[in-house]
Amino acid sequence: MEQDFVKAHEHPSKNRYPDHLPYVEFMPCLKPIEREGSYINASFIDGYKHHRAYIATQAPLQSTVGDMWRMMWEVKSKVMVLLCAFEEDGHEACHPFWPQNEGDTAKYGRVTVTLQSEILMGNFASRTLLLKGDQVVGQEGEGRVVTQFHIDWPEHSQPVSTASVLELLDVVTKAQMNSGTRPITVLCNDGVGRTGTFICLHSQLERLKTEGVVDFFQAVKYARIHRAGLVQNAEQYAYGHEVLADFVHSYDNYANFKELV
């Protein structure tokens, strides 16, 4: 299936890596606003149950933080999963894009963000963020709550345990159930490796609970139709299988799974 990439030279300041670009067909174009472009390095990904169930995107640069929040606002995404640290291997992997202290508020482009709460849940954090758009993108006084889950998944290795990732997948699913069918926004430094692994795991767990079967290979193959290079290397591919196997082999989860199917 042939796809058209957005050309890297057209938006050099908006791409963290020139070789990780969205396909035009699946890019969530920003709404036209005078003197502001519609481009964002992000891609809609279909899920097991829903069309455009996810948005895979690079962690924002300083120049794209406002664009990322405008995308979140426009598609009404209410759940976000961040899979990287601010700095990795001595280089920026993600520019900070929310206030770091509870109760603080900061404006990013056309969206104001308030950190309402932050809770540590084992190996990951859960944050509640209140978004308010300006008069151009929103209605006066309109606020939306986004739940952000953040795990430090090392770029060149795996998380502490499969159990921590399974717990993260579970709380993300529950949060999404409470927020409707709007896309889950998933991001890492390039929006490809860790992001793709998480998305394929999430979709395959939904399939496993519904059909009693799983096919991580086909999940990756299908996801790559929407964004090139998702699940970047053999280690991430193997880790995806490991997480799914541990879910099935876990006694409690397996018992629940048997009841579901």
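The values are calculated or read from the model by the stated rules, or taken from the named source; none is laboratory data. Quick caveat, the model's predicted, so the values are computed rather than measured. Methodologically, a virtual Cβ is constructed for each residue, glycine included, from the backbone with ideal geometry; neighbour enumeration extends over all protein chains shown.
Search segment 3-40 for residues being closer than 25 Å to Gln204 by Cβ and modelled with pLDDT of 90 or more, and hand back the single one that is surrounded by the most Cβ atoms within 10 Å (Cβ to Cβ). Top of the filtered list is Pro22.
Scanning segment 165-183 for residues that are of a type outside the set (A, V, I, L, M) and within 19 Å of Leu208 (Cβ to Cβ) yields Glu167, Asp170, Thr173, Lys174, Gln176.
Restricted to segment 228-250, and to residues that are touching a Lys or Arg at 6+ places or on another chain (Cβ under 9 Å) and not hydrophobic (A, V, I, L, M, F, W, C), which residue is surrounded by the fewest Cβ atoms within 10 Å (Cβ to Cβ)? By that ranking, first place goes to Gln232. For segment 62-98, filtering for residues that are surrounded by fewer than 17 Cβ atoms within 10 Å (Cβ to Cβ) and either in a loop (DSSP other than H, G, I, E, B) or of a type in the set (Gly, Ala, Ser) (or both) leaves 8.
Within segment 208-227, the set of residues being buried (at least 17 other Cβ atoms within 10 Å of the Cβ) and modelled with pLDDT under 95 comprises Leu208, Lys209, Val214. Between Val146, Val192, Val137, which is surrounded by 16 or more Cβ atoms within 10 Å (Cβ to Cβ) and in contact with a His (Cβ under 9 Å, 6 or more places away or on another chain)? After ruling out the rest, the residue left standing is Val192. Ser203 satisfies every condition listed in (1) within 19 Å of Phe86 (Cα to Cα); (2) among the small types (Gly, Ala, Ser); (3) not in a loop (DSSP other than H, G, I, E, B) except (1). Taken together, the residues in segment 155-180 that are touching a residue at least 60 places away in the same chain (Cβ under 8 Å), surrounded by 14 or more Cβ atoms within 10 Å (Cβ to Cβ) and in a loop (DSSP other than H, G, I, E, B) amount to 3. Within segment 193-227, the set of residues being of a type in the set (Val, Ile, Thr) and within 16 Å of the chain's Cα centre (by Cα) comprises Thr195, Thr197, Ile199, Val220.
Among the residues of segment 29-59, those that are touching a residue at least 60 places away in the same chain (Cβ under 8 Å), assigned to a loop (DSSP other than H, G, I, E, B) and not aromatic (Phe, Trp, Tyr) comprise Lys31, Asn41, Asp46, Gly47, Lys49, His50, Arg52, Ala53, Ala59. Among residues of segment 72-93 that are more than 26 Å from Cys29 (Cβ to Cβ), those with a Cβ under 8 angstrom from a residue that is outside any loop (DSSP other than H, G, I, E, B) and not aromatic (Phe, Trp, Tyr), sequence gap 6+ or separate chain, pair up as Phe86/Glu92. Of the residues examined, Leu260 is one that is in contact with a helix residue (DSSP H, G or I) (Cβ under 9 Å, 6 or more places away or on another chain), surrounded by fewer than 15 Cβ atoms within 10 Å (Cβ to Cβ), at pLDDT below 95 and farther than 29 Å from Met68 by Cα.
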